[in-house]
Every structure is written in C-alpha cells, then in structure tokens.
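The values are calculated or read from the model by the stated rules, or taken from the named source; none is laboratory data. Being a predicted model, the structure only gives us computed values, none of them experimental. Neighbour counts are summed over all protein chains in view; Cβ atoms, including those assigned to glycine, are modelled from backbone coordinates with ideal geometry. These area figures cover heavy atoms from the full protein model, side chains too; ligands, DNA and RNA do not enter into them. Shrake-Rupley method; radii C 1.70, N 1.55, O 1.52, S 1.80 Å.
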Amino acid sequence: MIKKIKEITSLSYEQAQQELQELLAQIEAQSIPLDALLAAYQRCQELLAHCRSKLNALEVQIQRIDGGMGQPSVTAASLDDESDIPF
C-alpha cells in the first residue's frame with residue numbers, strides 16, 4: 001500500500017482491476033494496518049466505480065454499433081444468461 005497512488009481516471013480497466021485485486025488480497029490477508037484500512041476500502045470503492053464506468057461505456061459503444069447494423073443489442077445482463085447461447 002506504500003506504492004504511489006495513481007489518479008484513477010488515468011488507469012485503464014486492466015490497471016484498475018489489477019490494483020483492486022491487490023488491495024482486496026491485502027485486506028483479506030489482514031496485511032493492512034488498521035489505520036490505513038479505511039483508506040484502502042475507499043480506494044477499492046473508487047476503483048470498482050471506475051471499472052464499472054469503463055464497462056458501461058463499452059456497452060454503450062457496442063449497442064451503438066449493433067443498433068446501426070440492425071443487430072440485437074448485447075447487455076451485461078444478457079451475457080450472464082447462458083440459455084441464449086446458440087452453441
């Protein structure tokens with residue numbers, strides 16, 4: 001947790017996800033001092049929001065592409081439903 005904290009908006013999805021996983025592992029392993037735990041939790045919340053924002057923006061772009069081609073739109077919810085997979 002000593003490493004320099006980057007501005008979240010400058011992180012790619014993959015970078016934010018990696019940092020989030022590292023922080024969660026430290027929290028679960030109880031390797032973060034108690035006085036730094038709240039800051040780590042807040043950082044996790046910010047990273048999670050950033051990842052969700054990136055995914056939502058991608059979903060909008062996919063819907064625009066699909067909408068312009070007459071294809072049904074793909075949503076995160078529809079990707080979770082395996083019953084619609086044709087193979």
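The table below gives the values:
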item	result
Pair list, Cβ < 7 Å and 6+ apart or interchain, from the stretch 7-27 residues that are under 14 Å from Ala39 (Cβ atoms) to residues that are open to solvent by 80 Å² or more (accessible area, probe 1.4 Å) and among the acidic types (Asp, Glu)	Ile8/Glu46
Qualifying positions in the stretch 45-87 - over 25 Å from Gln18 (Cβ atoms), assigned to a helix (DSSP H, G or I), open to solvent by 70 Å² or more (accessible area, probe 1.4 Å) and at pLDDT below 60	Ala77, Glu82, Ser83, Asp84
Residues of the stretch 7-25 that turn out to be in a helix (DSSP H, G or I) and crowded, with 16+ Cβ neighbours inside 10 Å, as a count	6
Selection count where residues are over 16 Å from Lys6 (Cβ atoms), open to solvent by 50 Å² or more (accessible area, probe 1.4 Å), assigned to a helix (DSSP H, G or I) and not hydroxyl-bearing (Ser, Thr, Tyr), scope the stretch 28-44	5
